[in-house]
1. Taking 0.36 nm per residue of sequence separation and subtracting the Cα-Cα distance, how much length would be gained by fully extending the chain between residue 57 and residue 3, in nm to one decimal?
2. So how far apart, in nm, are the two label points at residue 88 and residue 30 if each is 7 Å from Cα heading toward Cβ?
3. Roughly what would the spin-label model give for residue 77 and residue 23, points 7 Å off Cα along C-beta, in nm?
């Protein structure tokens, strides 16, 4: 007697049909309600920082230009004072920490 190994056994087939009926009868939310919930959640998240704190004030930072007694290191790109200058050549300056 030849056996068809591709055929699904009857007990498995009944189980699959019952599972499908349960899923279809479940009260799943429609797409519009899901989108509305996501929009509400996004509106609430707008004023939050990654830590969850609410920030309602604007941060103001004053930028001070590089002084005459300062240089920018060509390796770490930090602005340093002249006493920290280790080497200068070809228009590039290097601080003590980068040369060390």
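1. Working: separation 54, 0.36 × 54 = 19.44 nm, distance 7.46 nm.
Going from the current span to full extension adds 12.0 nm.
2. Spacing of the two 7 Å Cα→Cβ label points: 7.4 nm.
3. In this crude label model, residue 77 to residue 23 measures out at 5.1 nm.
Each reported figure results from applying straightforward, stated rules to the coordinates on display, with no laboratory input. Not measured: the values here are computed from a predicted model. We place every Cβ from the backbone using ideal geometry, glycine too, and count neighbours over all the protein chains shown.
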